[in-house]
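Visitor: Okay, here's the structure, questions in a sec.
The values are calculated or read from the model by the stated rules, or taken from the named source; none is laboratory data. Note that this is a predicted model, so its numbers are computed, not measured. Cβ placement follows ideal geometry from the backbone for every residue including glycine, while neighbour counts extend to all protein chains displayed. Heavy atoms of the whole protein, side chains included, go into the accessibility calculation; ligands, DNA and RNA do not. Shrake-Rupley method; radii C 1.70, N 1.55, O 1.52, S 1.80 Å.
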Amino acid sequence: MCGIIGYIGQKDAKPIIMDGLKRMEYRGYDSAGLAILNGKSVKMHKKAGKLVNLQNEITDKDLAGSVGIGHIRWATHGAPTDENAHPHTDSAEEIYINHNGIIENYLTLKKALEEKGHEFYSETDTEVLAHLIEEYHKEVNLEKAVAAALKDVVGAYGIAVVSTKEPKKIVAARLGSPLVLGIVNDGEYIVASDVSAIMPHTREVVYLQDGEICTLTPEGYTITNLTLEEVDHTIEQVDWDVSKVQKQGYPHFMLKEIMEQGDVVHDAIRGRLRPEEGLAHLRGFIEHADRLKNIDRLIIVAMGTAMYAGMVGEYMLEEYAGIPVEVESATEFRYRKPVIDERTAVLAISQSGETADTIAAVREAKLKGALVLGVVNVVGSTIARDVDAGAYSHAGPEIGVASTKAFISQVTVLALITLFMGRQRGMSVVTGQRIAKELMELPEKIETILKQTDAIKEIAERYADSRDFFFIGRKYNYPIAMEGALKLKEISYIHAEGYGAGDMKHGPIALIDEDFPTVALVPQDSVYEKTLSSIQELKARSGKIIAVATEGDTAIDSIADDVIYIPKTLEMLTPILSVIPMQLFAYYVAAKLDRDIDQPRNLAKSVTVE
Ligand code: F6R
């Protein structure tokens, strides 16, 4: 959600900033801008729309300079226009700032600044911060001015600030929005919202913490707190494979990421299974084994796709580990008064590890004394750092805005957690061995589904003109119905709703006619017959059915209009297979409609604002 970048060094800043913005474009893409300093002179360009608009605007412009900041926006305050695009500047046009986050008290600050004579040109909260820094910068250097201004601010920010009064300096700071410092060389640094913007230049990074300010000059860098006292920090090596952030011949990241899912399951279980003993080896969980054994309740908090993964986890953990589990949208969790004690564990699931709502839920749970666990993909992210223990989901970088491979990795890790906690609570060795064996067979089974891509494409294209869809499933496939509907609406903009198959007759079935198709998840599991009956009820009302069924199920052929087959697996692991046709179906409907699949309208990859 908004990407910021700053470069200081010996090279031309412009190409480095533009390349970084390109790599972070999935974070937001409704406008972009940059400011390059060349001594005391500064050149700023801002353009509404995709990054390519900014690129076209600056192609033949002379933007020499080795200090600069860039921004890619996902609008919060003010429409996506040239004026509202970042950077923003102060009255004297000396300070230039990029911001990711929300300044919640900006109206109060703005009023006070207006009374002092400041004039504002945009509708953004960020511009207020530029003027606030200007006030302090009259008396003190840039880092002191930024620190002083940030003390007045309520909200969340990742910022990069430059000043023509000190043209060889970038000051960056974070509170609630991610920021990473890349150390390229002595005197050459990149600060960005995301390591993907840094990776082509260096693997040495420092993940800045909330409340930290980083000052970059050709002489070196310092990391301090808001009172400008130096703080300890660790330089870490990023081990991401750069090829993973390229499309490698696929038309979209989303399709590439769907196709990687066999490897994703493999990577999520690698080194974590003891198949002979029917055990899962999860280092972070082992460290808290005693406390985990004694918890009497687990609350899973997450958003969107990650929450649907959590719902699959709820069914697994209740069935195999006998732990009462509740799944809650993090947005709700943080504002009610959840009853939590030291015998409650809270498990946060997040691909980015930067979702503001999930971070807030984690912090609330910690305050209340719960054991807080995480299943996170991005290494070093805020949630990964905040939790007491966790298991990375190891999906690798996910660039497509619609989450696919992260979901599969999350459900796989939840199966490992189920195995771990189940064995703590009386699950037999034989059951443990069975789960482990079935998990190891999943990558191959995923490949057999991916081989049906052409058939799924053909079905999807035939239905692409429908205006509405239902997705139905039951038990383990209920969350997959929700996820299937979410995928379709996100990238095709078609109205879709996910329901429990048994819920249809309680109202939604009223909408069914020959133009309202339903995607029905009906694998041969413990609720097969029940789901089949729900499908019959839809057929009886002329509804079209696209079924996802188990290989060898001939009965479904005569009922459904179209069938996509998935291999048989353990019931609790079915979602890992059945979600793949959902992803491919959504993808090919959207492709047929010529949608912007990797960057769907109104969305951004990581939602770092409330
Ligand atoms: C849907 C999607 C979102 C995210 C949600 C949580 O395709 O990507 O629903 O799942 O915003 O994001 P993370 O997992 O980064 O916390």
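Visitor: Relative contact order, percent, of the chain when contacts are C-alpha pairs under 8 Å separated by at least 6 residues?
Guide: For the chain, the relative contact order is 12 percent.
Visitor: For the residue pair Ala540 and Asp186, what label-to-label distance in nm results when each label sits 7 Å from Cα along the Cα-to-beta-carbon direction?
Guide: Spacing of the two 7 Å Cα→Cβ label points: 8.1 nm.
Visitor: If you don't mind, another one. Binning every alpha carbon pair distance of region 381-510 at 10 Å from zero, what are the percents per bin?
Guide: Taking every Cα pair in region 381-510, the percentages come to 10, 27, 35, 22, 6, 0.
Visitor: Using 0.36 nm per residue, how much length does the chain from Val379 to Arg274 gain when fully extended, once their Cα-Cα distance is taken away?
Guide: Contour length minus the Cα-Cα distance gives 35.4 nm.
Visitor: Using only the heavy atoms of the protein chains and a 1.4 Å probe, how would Asp525, Asp388 rank by accessible area, largest first?
Guide: Output order, biggest surface exposure first: Asp388, Asp525.
Visitor: For the chain, find the longest principal axis of its Cα atoms and tell me its angle to the long axis of helix 304-321, 0 to 90°, nearest 10.
Guide: Long axis of 304-321 versus the principal axis of the chain: about 50 degrees.
Visitor: At R0 = 60 Å, how high is the FRET efficiency between Ala79 and Val430 if r is their beta carbon distance? Nearest 0.05 is fine. Don't skip to the end; give the middle numbers.
Guide: Details: r = 60 Å, r/R0 = 1.01.
Once the sixth-power term is evaluated, E becomes 0.50.
Visitor: Angle between the Cα long axis of helix 356-367 and the longest principal axis of the chain, 0 to 90 degrees, nearest 10?
Guide: Helix 356-367 and the main axis of the chain meet at about 80 degrees.
Visitor: Here's a follow-up. So which of Lys475/Lys544; Lys14/Lys168; Lys256/Lys489; Lys405/Lys539 end up more than 27 Å apart by C-alpha?
Guide: Cα-Cα > 27 Å for Lys405/Lys539; rest within.
Visitor: Moving on to the next point. How big is the antiparallel share of DSSP beta bridges in the chain, given as a percent to the nearest 5?
Guide: So the antiparallel bridges amount to about 60 percent of the total.
Visitor: Let me ask you something else. Taking region 164-285, how much of its Cα-Cα pair set, in percent, is spaced more than 17 angstrom apart?
Guide: Details: 5071 of 7381 pairs.
Value for region 164-285: 69 percent of Cα pairs lie more than 17 Å apart.
Visitor: Taking each pair of distinct Cα atoms in region 330-419 once, what is the resulting Kirkwood hydrodynamic radius in Å?
Guide: Values: mean 1/r = 0.0752 Å⁻¹.
Final number for the Kirkwood radius of region 330-419 is 13.3 Å.
Visitor: Taking θ as phi - 60°, what are the ³J(HN,Hα) couplings along region 22-36 by the Karplus curve (6.51, -1.76, 1.60), each to the nearest whole Hz, with x for Gly and Pro?
Guide: Karplus-based 3J(HN,Hα) across region 22-36 equals 4, 5, 9, 4, 5, 6, x, 7, 9, 5, 8, x, 8, 9, 10 Hz.
Visitor: Once fully extended, how much extra length lies between Tyr121 and Lys247, figured as 0.36 nm per residue of separation less the alpha-carbon to alpha-carbon distance?
Guide: On the way: separation 126, 0.36 × 126 = 45.36 nm, distance 3.90 nm.
Difference between extended and current length: 41.5 nm.
Visitor: Given the Cα-Cα distance of Glu326 and Lys138 and 0.36 nm per residue of separation, how much length would full extension add, in nm?
Guide: Extra length from Glu326 to Lys138 when fully extended: 62.4 nm.
Visitor: Using only alpha carbons, build the gyration tensor for region 1-121 and give me the equivalent ellipsoid semi-axes, biggest first, whole Å.
Guide: For region 1-121, the semi-axes come out at 24, 18, 12 Å.
Visitor: Under the √(5λ) rule applied to the eigenvalues of the Cα gyration tensor, what semi-axes describe the equivalent ellipsoid of region 3-239? Give them in Å, descending.
Guide: 23, 21, 17
Visitor: Can you give me the % of accessible surface on the chain that is carbon or sulfur? Probe 1.4 Å, all protein chains present, nothing else counted. Don't jump to the answer; show the numbers that get you there.
Guide: On the way: 10890 of 22500 Å².
Carbon and sulfur together cover 48 percent of it.
Visitor: Could you point to the residue in Pro517, Tyr476, Val589 farthest towards the positive end of region 452-598's charge dipole, with +1 and -1 charges on the Cβ of Lys/Arg and Asp/Glu respectively?
Guide: Of the listed residues, the answer is Tyr476.
Visitor: Tell me, what is a quarter of the convex hull surface for the C-alpha atoms of the chain, in nm² with one decimal? Intermediate values should be presented prior to the final figure.
Guide: Details: hull surface 109.7 nm².
The Cα convex hull of the chain, projected and averaged over all directions, gives 27.4 nm².
Visitor: Compute the FRET efficiency between Asp60 and Glu114 as 1/(1 + (r/R0)^6), taking r as their Cβ-Cβ distance and R0 = 41 Å, and round to the nearest 0.05.
Guide: 0.60
Visitor: Roll a 1.4 Å probe over the protein chains and send me the accessible area per residue for the chain in Å².
Guide: Per-residue value: 37 Å².
Visitor: Follow-up. Under unit Cβ charges (Lys, Arg +1; Asp, Glu -1), what dipole magnitude, rounded to 20 debye, does the chain have relative to its Cα centre?
Guide: Once rounded to the nearest 20, the dipole reads 520 debye.
Visitor: Right, something else. Determine the order of Ser41, Ser163 by accessible area, beginning with the largest, at a probe radius of 1.4 Å.
Guide: In descending accessible area the options line up as Ser41, Ser163.
Visitor: Taking only the alpha-carbon positions of region 452-598 and ignoring solvent, what does the Debye formula give for the base-10 log of I(q)/I(0) at q = 0.13 Å⁻¹?
Guide: The Cα Debye sum returns log10 ratios of -0.48.
Visitor: For region 251-406, what value does the Rg/Rh ratio take when both radii are computed over Cα atoms and Rh is the Kirkwood radius, given to two decimals? Walk me through the intermediate numbers first.
Guide: Numbers: Rg = 15.4 Å, Rh = 16.0 Å.
On the Cα set of region 251-406, Rg over Rh gives 0.96.
Visitor: Which residues does the label zone of Thr554 cover in region 485-527, counting backbone N under 18 Å from a point 7 Å along Cα→Cβ?
Guide: From region 485-527, the list is 524.
Visitor: Further, regarding this structure: Just grab the label-to-label distance for Arg363 and Glu447, each label 7 Å out from Cα along the Cβ direction, in nm (one decimal).
Guide: Once both label points are built, they end up 4.6 nm from each other.
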